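Below is one structure; the comments refer to it alone.
What follows is calculated from the coordinates using simple rules that are stated; it is not laboratory data. In this text, all values refer to a predicted model and were calculated from it rather than measured experimentally. Virtual Cβ from ideal backbone geometry, glycine too; neighbours counted across all protein chains shown.
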């Protein structure tokens, strides 16, 4: 059953069209220069197919919470998930939502010059100007009161969110939101999970950020727990009216 995602507040740039496409567990919210629903669905099926086929050969891939050590040929999306998990110290499935968002987004750039792809709170964007992404942090009073103003410039950019209090994704911590900004969406996804796992209480926010800023490829971090917030990196945090 489809459940409306209340955090889907991506502000469409005036020239972009918004649409949703859901296939099995994958539920994407996309902004592009034109409606691309059927193409997006085909791309989801393609990249999910790579992941599902690999899991069929390696069932433990979907279960492990540790970095994946099995060598051998694999699709690019699988290798991206493995690399992200390795850098962040988590299992490869911690990067699956970010990996799908990025690979679908990159493929959509054949059909549109600008694109924003959100997958379960993980966002891949390539736009010609800045976009503000609101931070949904469950019952925290800071939820949806602030956002990250992101400007990809000539390349793409990603921001992924993990939560120990919101959603169905596995988190071993209790943070209301851990947001990570990176050039890599799979890495941002895996890093957000890994950092979030370390936030058991408000006293852990600083040490979790210290851990996260040493993950290669992480550009910025925001951690929210209740009334408390911790930040690191070159981030432009703006109020949301």
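Brief remarks on what is shown
- Across the chain, the fraction of Cα-Cα pairs farther apart than 28 Å, rounded to a whole number, is 26%.
- Residues 232, 68 arranged by fewest to most Cβ contacts within 10 Å: 232, 68
- Mean Cα-pair separation over length for the range 14-133, i.e. relative contact order, pairs under 8 Å, 6 or more apart, %: 26
- Its DSSP H runs of at least 4 residues, each contributing -39,500 (n - 2.57), put the calculated 222 nm mean residue ellipticity of the chain at -9000 deg cm²/dmol, to the nearest 500.
- Take every pair of alpha-carbon atoms less than 8 Å apart whose residues are at least six positions apart; their mean separation over the length of the chain yields a relative contact order of 16 percent.
- Label separation (residue 113 vs residue 20): 3.0 nm, computed from points 7 Å beyond Cα along the C-beta direction.
- Within a Gaussian network of the chain (alpha carbon springs, distance under 10 Å), most fluctuating of 69, 13, 48: 69
- √(5λ) per eigenvalue of the Cα gyration tensor, the range 50-105, largest first, Å: 15, 14, 10
- Based on the Kirkwood approach, the hydrodynamic radius assigned to the range 31-133 is 14.5 Å, with every pair of different Cα atoms included.
- The relative contact order of the range 113-156 comes to 37 percent, based on Cα pairs under 8 Å that sit 6 or more residues apart.
- Gaussian network model of the chain, springs between alpha carbon atoms under 10 Å - residue of 230, 72, 105 with greatest fluctuation: 72
- Size descriptor, Kirkwood hydrodynamic radius, that averages inverse alpha-carbon separations across the range 10-80, Å: 14.3
- Once the Kirkwood radius over Cα pairs is known for the range 114-186, the Stokes-Einstein relation at 20 °C and 1.002 mPa s delivers a diffusion coefficient of 168 µm²/s.
- The range 114-241: Cα Rg divided by the 2.2 N^0.38 Å rule of thumb: 0.95
- Highest GNM mean-square fluctuation among 52, 14, 33, for the chain modelled with Cα contacts below 10 Å: 14.
- The Cα center of the range 146-217 and the Cα center of the range 16-48 differ in position by 24 Å.
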